[in-house]
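Written below as structure tokens is the structure these notes are about.
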């Protein structure tokens, strides 16, 4: 009979680590799922941020095009000639322009 009791004693300690292993695996699984969800949330946030930046780039490019067009209009030779005539401006006479070396 004493041999049977010693066998039982060996079986009982083996079940506690088995239960502990299940708990640890469960905690690891929950942690892994949480980590995956956090990564996906980060990816989603960066996707929204990227979309906003792309929209901002499009807006800035449109503003750039508009400003370049405005510069082209303002520096047009025809416009400058018309403004010069309006303000009674003429090309400089010979000798009025002095080039400094």
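The values are calculated or read from the model by the stated rules, or taken from the named source; none is laboratory data. Bear in mind that the values here come from a model prediction, so they are computed numbers and not experimental data. Cβ atoms come from the backbone with ideal geometry, glycine included; neighbour counts cover every protein chain shown.
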Are any of the residues in the range 86-94 exposed (fewer than 10 other Cβ atoms within 10 Å of the Cβ) and either in a helix (DSSP H, G or I) or touching a residue at least 40 places away in the same chain (Cβ under 8 Å) (or both)? yes
When restricted to 49, 70, 65, the only residue modelled with pLDDT of 95 or more and under 21 Å from the mean Cα position of the chain (by Cα) is 49
If residue 95 passes every condition in (1) at pLDDT below 95; (2) at negative phi but one, which one does it miss? (2)
Hey, residue 27 modelled with pLDDT of 90 or more and either exposed (fewer than 10 other Cβ atoms within 10 Å of the Cβ) or within 53 Å of the chain's Cα centre (by Cα) (or both) or not: yes
Are there any pairs with C-beta distances below 8 angstrom linking a residue in the range 59-78 that is without any contact (Cβ under 8 Å) to a residue 12 or more places away in the chain and at negative phi to a residue that is surrounded by 10 or more Cβ atoms within 10 Å (Cβ to Cβ) and part of a helix (DSSP H, G or I), with the two at least 6 apart or on different chains, and if so which? 73/79
